[in-house]
1. Share of Cα-Cα pairs in region 48-94 beyond 13 Å, in percent?
2. Kindly work out what percent of the DSSP beta bridges joining two residues of the chain are antiparallel, to the nearest 5.
3. So how many Å³ per residue does the convex hull of the Cα atoms of the chain work out to?
4. Can you tell me how much longer the chain between residue 105 and residue 68 gets when fully stretched, taken as 0.36 nm per residue apart minus their C-alpha distance, in nm with one decimal?
5. Could you give the spread of the C-alpha atoms of region 1-57 along their three principal axes, from largest to smallest, in whole angstroms?
6. Which of 56, 97, 88 ends up with the largest GNM mean-square fluctuation for the chain, with Cα atoms connected below 10 Å?
7. Give me the percent relative contact order of region 4-114, please, defined on Cα pairs under 8 angstrom at least 6 residues apart.
8. Which value in deg cm²/dmol, rounded to the nearest 500, describes the helix-derived mean residue ellipticity at 222 nm for the chain, given -39,500 (n - 2.57) per DSSP H run of n ≥ 4 and division by the residue count?
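Read the figures in this text as sums done on the coordinates, not as results from a lab. Everything numeric here is computed off the predicted structure, so don't read it as measured data.
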């Protein structure tokens, strides 16, 4: 859709399908002046829950709950230099356009920290 709810999901929460039916998702929040955002995104695979907050150090904490059936979630923020998933450092990958992304390769609840 193109209404306000779709805009909030796509831009503020940053959840977008990377493959048809949300088989893969991108999480790319556009924070602007907001300190945090939280919401749910209904998908054919189930509901994706997301909550993000800015850190005082300029980093971003993203809590996700991704349903089974979503093969991969890619998390991105501008200026991404490093990332952790559930407390463990995870090497960054390059997407098709050459942007650094953090891949979360399993469904379930995860805490992602970006710097």
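1. Details: 696 of 1081 pairs.
For region 48-94, the share of Cα pairs beyond 13 Å comes to 64 percent.
2. Details: 34 of 38 bridges.
DSSP beta bridges in the chain are roughly 90 percent antiparallel.
3. 100
4. Numbers: separation 37, 0.36 × 37 = 13.32 nm, distance 1.10 nm.
The residue 105-residue 68 span can extend by a further 12.2 nm.
5. In descending order, the Cα extents are 36, 23, 16 Å.
6. Among 56, 97, 88, the largest mean-square fluctuation in the Gaussian network model of the chain belongs to 97.
7. Numbers: 242 pairs, mean separation 25.0, N = 111.
This gives 22 percent for region 4-114.
8. On the way: 1 runs with 4 residues, N = 115.
My calculation for the chain gives -500 deg cm²/dmol from helical runs alone.
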